[in-house]
Structures are given as structure tokens and as C-alpha cells.
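Structure first, commentary second.
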Amino acid sequence: MNKMLVRSGRQLQGEVNISSAKNAILPIIAASILSSDTCTIENAPMLRDVFVICDVLKTINAKISIKNIEDKIIINTSDLVCEEPDSDLVRKMRASFLIMGPMIARFKKFKISFPGGCNIGTRPIDLHLKGFASLGAQVSFGHGYVEAYANKLVGSRIYLDFPSVGATENIMMAAVLAEGETVIENAASEPEVEDLANFLKRMGAQIYGAGTDTIRIIGVKELKGVKYRPIPDRIEAGTFMAAAAITKSRIKLNGVNEEHLKPIIAKLVEVGVIVIPDKDGIIIDGKNNFNPIDIKTMPYPGFPTDMQAQMMSLLCTVHGTSVITETIFENRFMHASELEKMGANIKINGRCAIVEGVDTLTGSEVKATDLRAGAALIIAGLIADGYTKIRDIYHIDRGYVNIEEKFKQLGANIERIEE
Ligand code: EPZ
């Protein structure tokens, strides 16, 4: 079983190149269903989740070539069949459900097993299904699966109860080939939603307002295959920023989109981290003394829930009381008990985590409970006395490309061990 071994005592230095965004490429791969031409994704991050969604598409006869060396994925769905994809694969990763919208758009019917929740929450799909129904699909449920059928899809006005990222993306992909105009109100405005819209527009879709809370889609007859390079991963960038801060280091991140990092930068600056924009990246310097802060995770452009665990690690050794409120997922504090094993002082009270800064953390045997929690334990391990052994690191590989190599390049004492 692979584990990550992290030893403290090193400052970080040098530069790290940020990969393309996991949460952008997954819906983009799903959107390739919408054209029977070939789509090529460049600078693709070679992540477990990317391989899983490609495997799901291969079970319904998509032809996919993953070129590891060139970081390129070439997808042709001309021979796609409208059959239920392998349910074990679908249940492996919730984002597999993002193929439902494009499959309904292309075949007007589709059946898929429930994506299931994961340990950060129940992860319902009611908003996705409500959107499909608004467009004219008959949605029905069976034992562990959901299916939809439509004579045709007709544009409509949909108001999302919550600005769900996945629901916005799935409905947008279902609407691009529908008859007439669709308006999604209270839509998610995350950069990854906008990136998907840019991919679809490159294919010939008519989409207006992506990146805001109101997205207008005018259906077209067909879409063509394209080449596309997804946006940089703002959460991977934030993860390395928190690592530089906790180790009091100065590093440079290359290939970031500073606009997408604004909510993360704002909170790090509030802690006392120095952030310096640089020509094609940003410089992070953690030399100052830090202040405790309050964080509340919110839909974009609020502070991202996917950075909550990493910031909790940083705040564990910031003297004073910091309060973290998780408003997006109902069970996303599991990393707190792992950090407490390392000597952190954290009290969970419902959706709030009260973090009292301690002088030091102590290396310990801990487990990654989700991919961001795993990254947070690496961050804590960089300064914890002794060494920290992290198990269940398959979670981390879902969302970070060669994370230990990137940390090693920055001078960290970290290695993947077989036990
Ligand atoms: C996306 O998940 C991301 N995943 C998540 O990243 C991210 O944490 C999340 O958005 C929030 O930003 C991908 O993009 C692949 P949501 P998603 O639908 O789409 C409720 C990571 O670490 N909801 O915006 O599943 C839901 O219960 C992962 O990279 C409904 O109630 O998130 C949750 O409370 C973790 N009904 C809230 O909305 C629905 O039909 C946010 O979920 C859908 C969602």
C-alpha cells in the first residue's frame, strides 16, 4: 500500500509549474460527447480522475488516446453507443455523472447508475435532474440508477436552488443542442464552469454569461471537434501557496491565472502572507508573522471549499483563534481529527471549526480522507516535528499530478513509500 512520508525541517525554494485544472478537464472530456468529430485536449493533467472518466467513455465505445508524454488526450466519439456505462466505474467518481447532460443532448435518452456520494457529503443530483426535466426530459429512477428520455429537448428558464457547479455544467451541456433558448439563473460562476462554456463555444455553441450567475444558451444544430487547453488549477496553486506560507518560504508559481486566485490570495494576505504578482505567475513569501483569521467557504467568487482543509493546516500553528465555516459540504472537516493526531487544537461545532494555534505540530501516522484533506496533511507534515506518514494517498492522486515530485523540486523532504 503506497504511503507518503513527509519530513519537516526544510524551507521551500524555487519555482513550481501549475497543471491544468482537474475540475475543468473533467466536464470538458464529458462535453466531447456532443460532437462526433475528434477533440484534442492539450496540457491535460494525467490524473486518476481523468483516467476514470476516459474509462467510463470507453465502456460506451469512445475512442480515446491518452498521450502521457505530450500531456495530450485525443477523443473521438463518432462510434459512441447509447448504453449504460459500467456502474462500478461511474460509482468510482461522482464527476462521471457529468456525461448525462451531453448524452441526453446527443441521444435524447440515457441510463446511468447513481454516482453516489463520497465522504464529504451526500452529493445529491436533484438539481441536475430538475434541469433535465425543465428541458423536456422524462426522468425516472430504478434500483440504483437514473434514466432520462426525451422526444426532443426544448430550451427553458431554470432557477437553481443552489449555484451547483455540476448541475450548471450538466444543464449547459444538455441545452447546447436543445431547440430555442435556455436561461440558467443562480448558476455557478466558478472559472471551471466558464472554461467549459469556452470549450463549448469553440465547438460552435452559443453561450452568453458563463462566469456570472445567469447563463443564456441558444441551441444549435451541431457542434464540431476542437483543440483546447484547459485553465490552470487554482486549487493546486492554492495548495502550494499554503505550503510556502506554513514553511515561511519564498517560492514562485508559474502558469497561474491570478484572477481565479483572488479569494485565496485575499485570505492569505489577511494571514500576513506576501503575494507578489510576477510576469507569468506569482511569488509567495511567508516570512512575516501570521495572524489568525476567519474563513467561510462560499460559491465562487467566495473562498473555495476545496481550499478549506489546506488553510486549516496553515492556521493550526498561527497563534490565536481562527474560525473556519464550511457552508458547501456537510461533512468536510474529517481532516481535523487527523490534524489533532499531530497536536493541532481544533474544536468542531457543526459547520464551524475553531482552530487554536499551537506552537508546533508533531509528525504522526495519519490518513487522507479526501483529496484536499490529503494535501492538507502534506502541508502540515512539512513543519511537524519528525516525520508524518500519510496513508490512503490514492485520494491525493485523484487531483494532483506528481505532487511529491513537485514538492521535492521545491526542496521538501517527501517521498512515496511502499508498505
Ligand atoms: C464540484 O463538485 C467540484 N468537483 C468539487 O471539487 C467542488 O468542491 C464543488 O464543485 C464545489 O465547488 C468537480 O468539479 C468535478 P456542487 P460538485 O454541485 O459539482 C449541493 C475537489 O476537491 N447539491 O457545486 O459536485 C451539494 O450537496 C472536488 O476537486 C445539491 O443539493 O459540487 C453541495 O452541498 C470536491 N443538489 C453543494 O450543492 C445537486 O443536484 C455544492 O455542490 C447538486 C449539488
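When you scan segment 67-122, how many residues do you find that are surrounded by 19 or more Cβ atoms within 10 Å (Cβ to Cβ), of a type outside the set (S, T, N, Q) and more than 23 Å from the chain's Cα centre (by Cα)? Number of matching residues: 5.
Residues in segment 122-129: is at least one among the β-branched types (Val, Ile, Thr) and either at positive phi or away from the ligand (no atom under 16 Å from the Cβ) (or both)?
No, segment 122-129 contains no residue that is among the β-branched types (Val, Ile, Thr) and either at positive phi or away from the ligand (no atom under 16 Å from the Cβ) (or both).
Just one of (1) within 11 Å of the ligand (Cβ to nearest atom); (2) in contact with a strand residue (DSSP E or B) (Cβ under 9 Å, 6 or more places away or on another chain); (3) open to solvent by 10 Å² or more (accessible area, probe 1.4 Å) fails for GLU181. It is (1).
Results for (1) in the same structural domain as ILE393 (by the TED database); (2) more than 14 Å from the ligand (Cβ to nearest atom); (3) of a type in the set (S, T, N, Q), shown as yes or no for each residue.
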{"site": "LEU12", "(1), (2), (3)": "yes, yes, no"}
{"site": "ILE29", "(1), (2), (3)": "no, no, no"}
{"site": "PRO45", "(1), (2), (3)": "no, no, no"}
{"site": "CYS54", "(1), (2), (3)": "no, yes, no"}
{"site": "LYS58", "(1), (2), (3)": "no, yes, no"}
{"site": "LYS63", "(1), (2), (3)": "no, yes, no"}
{"site": "ASN68", "(1), (2), (3)": "no, yes, yes"}
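Exactly one residue out of THR317, THR327 is part of a loop (DSSP other than H, G, I, E, B) and closer than 26 Å to PHE162 by Cα: that is THR327.
Flag: ILE417 matches the condition of being β-branched (Val, Ile, Thr) and open to solvent by 20 Å² or more (accessible area, probe 1.4 Å).
Scanning segment 245-274 for residues being under 19 Å from SER313 (Cα atoms) and either open to solvent by 20 Å² or more (accessible area, probe 1.4 Å) or among the basic types (Lys, Arg) (or both) gives a total of 8.
Is at least one residue of segment 352-361 touching a Gly at 6+ places or on another chain (Cβ under 7 Å), free of Cβ contacts under 8 Å to residues at least 60 places away in the same chain and open to solvent by less than 50 Å² (accessible area, probe 1.4 Å)? Among the residues of segment 352-361, at least one is touching a Gly at 6+ places or on another chain (Cβ under 7 Å), free of Cβ contacts under 8 Å to residues at least 60 places away in the same chain and open to solvent by less than 50 Å² (accessible area, probe 1.4 Å), which makes the answer yes. Remark: PHE240 falls outside the filter, which requires a residue to be away from the ligand (no atom under 16 Å from the Cβ) and within 18 Å of ILE383 (Cβ to Cβ).
Beta carbons closer than 8 Å, at least 6 apart along the sequence or on distinct chains, pair a first residue in segment 72-95 that is in the same structural domain as ILE60 (by the TED database) with a second that is at pLDDT below 95 and open to solvent by 40 Å² or more (accessible area, probe 1.4 Å) for GLU84/TYR145; SER87/TYR145; ARG91/PHE114; MET93/ARG398; ARG94/GLY117; ARG94/CYS118; ARG94/ARG123. Among the residues of segment 193-204 satisfying the criterion of being open to solvent by 10 Å² or more (accessible area, probe 1.4 Å) and in contact (Cβ under 8 Å) with a residue 12 or more places away in the chain, which is nearest to the ligand (Cβ to nearest atom)? Among those that are open to solvent by 10 Å² or more (accessible area, probe 1.4 Å) and in contact (Cβ under 8 Å) with a residue 12 or more places away in the chain, it is GLU194. Residues that are within 14 Å of the ligand (Cβ to nearest atom), out of contact with any Leu (no Cβ under 9 Å at 6 or more places or on another chain) and in contact (Cβ under 8 Å) with a residue 60 or more places away in the chain occur at least once in segment 108-119. When the test is whether a residue is away from the ligand (no atom under 16 Å from the Cβ), open to solvent by less than 10 Å² (accessible area, probe 1.4 Å), closer than 15 Å to GLN310 by Cα and not in a loop (DSSP other than H, G, I, E, B), LEU377 does not pass it.
The values are calculated or read from the model by the stated rules, or taken from the named source; none is laboratory data. It should be emphasised that the depicted structure is a prediction, and the values quoted were computed from it without experimental measurement. Cβ sites come from the backbone with ideal geometry, for glycine too, and all protein chains shown count toward neighbours. Side chains included, ligands, DNA and RNA excluded: accessible areas come from the protein's heavy atoms. Shrake-Rupley method; radii C 1.70, N 1.55, O 1.52, S 1.80 Å.
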